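Since the structure comes first, as structure tokens, the remarks are kept for the end.
The values are calculated or read from the model by the stated rules, or taken from the named source; none is laboratory data. Everything numeric in this text was worked out from a predicted model, so none of it was measured. Glycine gets a Cβ as well: all are built from the backbone with ideal geometry, and neighbour counts include every protein chain shown. Just so you know, the surface numbers come from the protein's heavy atoms only, side chains and all, with ligands and any DNA or RNA stripped out. Shrake-Rupley method; radii C 1.70, N 1.55, O 1.52, S 1.80 Å.
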Number of protein chains: 2
Amino acid sequence: MADVHSDDRIVLDPESGSASMADALRGLHPADIAIALGQLDGETTKSVLAELDTETSADVLIHLDEHSRSEVLDALGPVEIADITHELESDDAADVVGMLAEELQGEVLSRLEDEDRRAVEELLKYTDESAGGIMASELVFLKSGSTVKDAIELIRKAADEVDDIHNVYVTDGDRRLVGVLSLRDLVLGGAETQLSQIMDQDVVSVSTDMDQEDVARVFRKYDLVAIPVVAPDGKLVGRITVDDIIDVIHEEAEEDMSLMAGTREDELHEDSAFRVSRIRLPWLIIGAIGGLGSALVMRHFSLSLEKVIALAFFVPVITAMGGNVGLQTSTIIVRSMHSEFGLSGAARERLGKEWRVAILNAIVLGAGMCAVVGFWLGDWHVAAVVGCSLAAVILVAATLGTLIPFALRGMGIDPAVAQGPFVTTLNDIIGILVYLGMASTFLTRIT
Amino acid sequence: MADVHSDDRIVLDPESGSASMADALRGLHPADIAIALGQLDGETTKSVLAELDTETSADVLIHLDEHSRSEVLDALGPVEIADITHELESDDAADVVGMLAEELQGEVLSRLEDEDRRAVEELLKYTDESAGGIMASELVFLKSGSTVKDAIELIRKAADEVDDIHNVYVTDGDRRLVGVLSLRDLVLGGAETQLSQIMDQDVVSVSTDMDQEDVARVFRKYDLVAIPVVAPDGKLVGRITVDDIIDVIHEEAEEDMSLMAGTREDELHEDSAFRVSRIRLPWLIIGAIGGLGSALVMRHFSLSLEKVIALAFFVPVITAMGGNVGLQTSTIIVRSMHSEFGLSGAARERLGKEWRVAILNAIVLGAGMCAVVGFWLGDWHVAAVVGCSLAAVILVAATLGTLIPFALRGMGIDPAVAQGPFVTTLNDIIGILVYLGMASTFLTRIT
């Protein structure tokens, strides 16, 4: 029994040579081999893979992270890549071929068997993040007149080619889905039973052009293990299995979180400080430009600041509050847009709810800050200005945090961008403008 | 064929009465019924469910979001809850019973059949977020001497009780795992074949006390559909299916994102502005207290600010940069801690890498800001102070962003907390201290 701990790691010694490294790895699960090889460079990984059999190499390649995989592919020639591709299911084969330069793609494709080549070429036509882009073409499907025995015979024939068979699909003469059976139905059905008698006619399917995030939502909603994919003309063309959906959910979460933090998820596999810096700098430059915007606003009010220097003390309070409220609001709005429970509602309705929350928070924090500043400085005029503008900034930030995700979605941009540094920066500038504007207007010492 | 669009929603009219609402829902998938009922209050949902058969009601209850589910349970009596629980698999039954007040729990449990009650009581002993807490006790397992025919017979008997059978487990006399078979192996094996001849002896299993996030990583790594769970004494006690793992991955991502934004994921289902405000206020108050810390620091340097008011203009640049760099760094560190590719490494090693990136960014942004401020204000002394302290703040924020997640993990706290408002606030204070400290030390007009 293999005992699994996520901290179990095989450490390879690159000095020991590829044959001895391969010996240490042989017999392990391809996923574990991939993790061990992830520490090595592309050339070394390639020579270790060459020591293993082609089927294992192919499985390992698919389990490598994208960065290492592309390094290994760079080190391999078209013949070796074609051999590996031959061992893969069509979706993985298309992923590998899709990573190659166009010229190499042609060379590898020309070396595949006709059927494999057609399947890969077909899959490459779909966009990466659609149902078509993540499906495999290998399918077990039969005409509705077939029996359980026929189905088992077909599974036996497909066993070499298809790794995970969860369901058998039943189609009409036009390859349109009419039913689905689980393997359990087959195990329990008699050999001569007609599939149409025991199949489930309520087949949940998705279209090739559905976004992968929506496909993931369908899996989550109906607790699926596999889903059939149909072309726009209604014909059954592929299936997606749950392991790929787990990757989709994971990647989308990483992507959203990276957007919030102002970085990119592929940074994780980047070793060069220069390249990491290049990924992060654009977001920091946006922040810096925004900061200069704030500086411009403050300079505009420099006379007020000179007269009452205490006003400057509370600029960080104002910007921090605008940032926090804006992020809380936009995160909830974006999350509810992604939720399957239809909570997003119309922008106006959501704004109403966010305003009610913001008014409560504005009263508590505005009054609290006014009291603290008043007792601390003994200057109740400044305290009133700080308290009132803090309340105003909370309302403004909640408004922007609600409306910007809707605006982004309306423009076809991922609303998660609203959780990133851009909106926080905007909130800083507006917050300072509100604060110093109020101070200049209402503080009698200044006017 | 059911065509699935994630935007398909059934809108119920609560005025039409529970019988007519139930008519509109009958025949739909429980997940779709749950979404339609999610719009109604607990009492109305309860009366609609009463019109449906108990099995459907039970499935719908499990598909309701946690908030609606608890509302419905509040409206139901112990007899009805026991009837529903009877229809559920043990993991869902334990979830439902676990949501009840202690007294009601006892009443419901006493109404269950002995076997069901023991299973639920057993599962309730495990902590919520462990493998034991999410597993189901329903299992199909046989002694190693059994044949394919025996296994099919057992599946037939279990078919009523276990919904999704993906694997059949083989154990020794002590209920210890010795092998696993997929349903495909059974379909393709001859009736008299010994299970031990065709089973896979490399069974990946998890222990009851493994954290659910680690279980999810095991699923992701090995592309699993189900995993057996063993007690600390090595005995097979349950299994976890992939649909529950999808929920775990989804919830953990929502939780991390909520931590970053300073809110809580259950806010989504909260209608009352008061309760939402109570969820968000603590984070905002931390931000406000931090802001007062910044104000204290600025007051300490108020003489310097009075002499060179331009220094105040760049406080937002400094705080924004500290916040952004800190968030970029902590996000990458936390993500790599969660990654299965073993990239987290030791704190010292990671700090080295982050410092290299920070030094590059510090040079680019520090020099750039110095140039912009210099040409803008024509005051190259202030420009130099702004540029140098911006660079210093980038290095400090990168250091904190790296070390704080390690420190939190060391203290047994979720490192994702480092991505939240607390660290950003800390960066604000330290950034201003560095900036005004440098200004007071090096600007000759001040000293």
Average the reciprocal distances over every distinct pair of alpha-carbons in segment B:227-276, invert the result, and give the Kirkwood radius in Å.
-> 13.5 Å
The rounded separation in angstrom of the Cα centers of segment A:371-413 and segment B:179-212 is 60 Å
Taking each label point as 7 Å beyond Cα in the direction of the beta carbon, state the distances from B:Ile285 to the same residue in the other copies, shortest first, in nm.
-> 4.2
Classified through the alpha carbon gyration tensor (a ≥ b ≥ c as square roots of its eigenvalues; rounded if a/c is under 1.5, else prolate when a/b is larger than b/c, else oblate), segment B:272-442 comes out oblate
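Helix-only estimate, please: 222 nm mean residue ellipticity of the protein assembly as shown, summing -39500 (n - 2.57) across DSSP H runs of length 4 or more and dividing by its residues, to the nearest 500. Walk me through the numbers before you get to the answer.
Working: 44 runs with 574 residues, N = 894.
The per-residue figure over the protein assembly as shown is -20500 deg cm²/dmol.
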Calculated FRET value between A:Met411 and B:Asp83, using beta carbons and R₀ = 56 Å, to 0.05 = 0.65
Between segment B:220-259 and segment B:31-81, what is the C-alpha centre distance in whole Å?
-> 26 Å
Can you pull the accessible area of A:Trp283 for me, 1.4 Å probe, Å² to the nearest 10?
-> 60 Å²
Distribution of pairwise C-alpha distances over chain A, 20 Å bins, in % = 19, 39, 28, 13, 1
Based on DSSP, what percent of beta bridges with both residues in segment B:141-252 are antiparallel, to the nearest 5?
-> 70 percent
What Kirkwood hydrodynamic radius do you get for the protein assembly as shown when you take the inverse of the mean 1/r over all pairs of distinct Cα atoms, in Å?
-> 30.2 Å
Segment B:14-129 shape via C-alpha gyration tensor axes, a/c threshold 1.5 | prolate
Accessible-area order for A:Glu254, A:Glu113, B:Glu51, B:Glu213, largest to smallest, probe 1.4 angstrom, reads A:Glu113, B:Glu51, B:Glu213, A:Glu254
Put +1 on the Cβ of every Lys and Arg and -1 on every Asp and Glu Cβ in segment B:14-129; which of B:Leu109, B:Val120, B:Thr56 then has its Cα farthest towards the positive end of the dipole?
-> B:Thr56
Shortest first and in nm to one decimal, what separations exist between A:Arg445 and its copies in the other chains, measuring from label points 7 Å along the Cα-to-beta-carbon line?
-> 2.1
Other chains near A:215-226: what is the mean number of their Cβ atoms within 10 Å of each residue's Cβ?
-> 5
Per-residue mean of C-beta atoms belonging to partner chains within 10 Å, peptide A:61-73 | 1
Gaussian network model of chain A, Cα springs within a sub-10 Å range: biggest mean-square fluctuation belongs to which of A:Ala136, A:Ala320, A:Ala216?
-> A:Ala320
What percent antiparallel are the DSSP beta bridges of chain B, to the nearest 5?
-> 75 percent
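Exceeding 22 Å between C-alpha atoms, which entries from my cross-link table qualify? They are A:Lys149/B:Lys149; A:Lys149/A:Lys235; B:Lys143/B:Lys235; A:Lys143/A:Lys235; B:Lys149/B:Lys221. Walk me through the numbers on the way to the answer.
Working: A:Lys149/B:Lys149 16 Å; A:Lys149/A:Lys235 25 Å; B:Lys143/B:Lys235 13 Å; A:Lys143/A:Lys235 13 Å; B:Lys149/B:Lys221 32 Å.
Beyond 22 Å: A:Lys149/A:Lys235; B:Lys149/B:Lys221.
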Residue with peak Gaussian network fluctuation, chain A [Cα springs, cutoff 10 Å], from A:Arg278, A:Arg220, A:Arg335 = A:Arg278
Percent antiparallel among DSSP beta bridges confined to the protein assembly as shown, rounded to 5, stands at 70 percent
Folded to 0 to 90 degrees: helix A:42-51 orientation relative to chain A principal axis, Cα | 20 degrees
Where nothing but the Cβ of Lys and Arg (+1) and of Asp and Glu (-1) is charged, how large is the charge dipole of the protein assembly as shown around its Cα centre, in debye to the nearest 20?
-> 5800 debye
How many percent of all Cα-Cα pairs in segment B:251-312 sit more than 18 Å apart?
-> 56 percent
What are the label-to-label distances in nm, one decimal and shortest first, from A:Gly173 to the same spot in the other copies, with labels 7 Å along Cα to Cβ?
-> 6.2
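Output the direction-averaged projected area (hull surface divided by four) of the convex hull of the alpha-carbon atoms of segment A:141-252, in nm².
7.1 nm²
Please average, across the residues of A:293-301, the number of beta carbons from any other chain that are within 10 Å of each residue's own beta carbon, and give a whole number. Numbers along the way, then the final one.
Numbers: counts 2, 7, 13, 2, 2, 7, 6, 1, 2.
Mean shielding count: 5.
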For segment A:186-278, compute Rh as the Kirkwood radius over C-alpha pairs and then the Stokes-Einstein diffusion coefficient at 4 °C and 1.567 mPa s; write the answer in µm²/s, rounded to an integer.
-> 79 µm²/s
Which of these, B:Asp174, B:Asp128, B:Asp211, has the largest mean-square fluctuation under a Gaussian network model of chain B (Cα springs below 10 Å)?
-> B:Asp174
